[in-house]
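Peer 1: Next up is a structure, given as structure tokens.
The values are calculated or read from the model by the stated rules, or taken from the named source; none is laboratory data. Please read these numbers as outputs of a predicted model, since none were measured by experiment. Surface accessibility is based on the protein's heavy atoms, side chains included, excluding ligands, DNA and RNA. Shrake-Rupley method; radii C 1.70, N 1.55, O 1.52, S 1.80 Å.
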Amino acid sequence: QVRLVESGGGFVQTAGPLRLSCAASGRIAPDAVLGWYRQALGSQRELVADITIGGITNYRDSVKGRFTISRDKAKNTVALQMNNLKPEDTAVYYCNHRTGGMYSWGTGTQVTVAS
């Protein structure tokens, strides 16, 4: 079992920054992809960004150039630096561990961007 604990959410003005962090523990797969998803009220959960063990990153189009995902393999952490935040980025953000089609989730952290 993998345990994921997020931190760093909060309230920010439009164009401001926030940094999310996630600490993973337990049975972390050596080939696991770590990532961030988000779910806005009334919407489906969507991938924001993910990163492989080799450092290959993937972003949804709407956050490219504004968000940066990073991973510390030694500490089993993954971070999401979010800059130039927009009201449409408001959502609960979830840390994700993915391996062989199996997904593990954190409990989520709220990000609210004021217009």
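Peer 1: Take Glu46, Glu6 and sort them by solvent-accessible surface of the protein heavy atoms, 1.4 Å probe, largest at the top.
Peer 2: Descending order: Glu46, Glu6.
Peer 1: Rounded, prolate or oblate, given the Cα gyration tensor of segment 26-115, with a/c below 1.5 counting as rounded?
Peer 2: Verdict is prolate for segment 26-115.
Peer 1: Here's another thing I want to ask about it. Ignoring ligands, DNA and RNA, please state the percent of accessible area on segment 28-79 from carbon and sulfur, probe 1.4 Å.
Peer 2: 50
Peer 1: Rounded to the nearest whole Å², what accessible area per residue is found for segment 21-94 with the 1.4 Å probe?
Peer 2: For segment 21-94, the per-residue accessible area is 52 Å².
Peer 1: Still on this structure, please answer the following. How high is the relative contact order of the chain, in percent, counting Cα pairs under 8 Å that sit 6 or more residues apart?
Peer 2: Averaging sequence separation for qualifying contacts and normalising by length gives 36 percent for the chain.
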